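First the structure, in the form of structure tokens, and then the observations on it.
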């Protein structure tokens, strides 16, 4: 059970704060259920409502240690092997469906590799790249205590320290 003020990762949409817990007075809401009212930490206009009895779409952010371990493992994380181009988006969706940061890295590495080999990025790849970078960087920024705009540099600097 979450509490008011807790930080959570909601789907692949980034970091949210539990703003309220209780019944909702909306036509779409089941009046017998309690909901978490989630407020995006990045966008004041972005709210989400999640039933308290179904936490499958939300999770606590990784710890600082887990983030550092994931950054350390990034070079070994493999790319997706998409066998049929018609199913590329489906494979992306399947890989990110559990909202696991390691799978987000796997899809991002796939997108970066694909863009580099093609020399351009498709609109679908761009959509997933933007979605996953936002989700991953906002979570890492939160647990590392740095602005999201510095996450790429942080990762690069950390990788540089490991190879030197």
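The values are calculated or read from the model by the stated rules, or taken from the named source; none is laboratory data. Here the structure is a predicted model, which is why all the values come from computation and not from measurement. So basically every Cβ, Gly included, is an ideal-geometry build from the backbone, and we count neighbours across all protein chains shown.
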(request) Select, from 146, 155, the only residue that is more than 23 Å from residue 94 (Cα to Cα) and not in a helix (DSSP H, G or I). (result) 146
(request) For residues that are in contact (Cβ under 8 Å) with a residue 12 or more places away in the chain and exposed (fewer than 15 other Cβ atoms within 10 Å of the Cβ), scanning just region 113-132, find the one that is farthest from residue 57 (Cα to Cα). (result) 113
(request) Go through region 55-109 and give me each residue that's assigned to a loop (DSSP other than H, G, I, E, B), over 14 Å from the mean Cα position of the chain (by Cα) and surrounded by 12 or more Cβ atoms within 10 Å (Cβ to Cβ). (result) 55, 77, 79, 80, 82
(request) Could you run through region 22-33 and say how many residues are touching a strand residue (DSSP E or B) at 6+ places or on another chain (Cβ under 8 Å) and surrounded by fewer than 16 Cβ atoms within 10 Å (Cβ to Cβ)? (result) 6
(message) Can you confirm whether residue 88 is touching a helix residue (DSSP H, G or I) at 6+ places or on another chain (Cβ under 9 Å) and either modelled with pLDDT under 95 or over 26 Å from residue 151 (Cα atoms) (or both)?
(response) yes
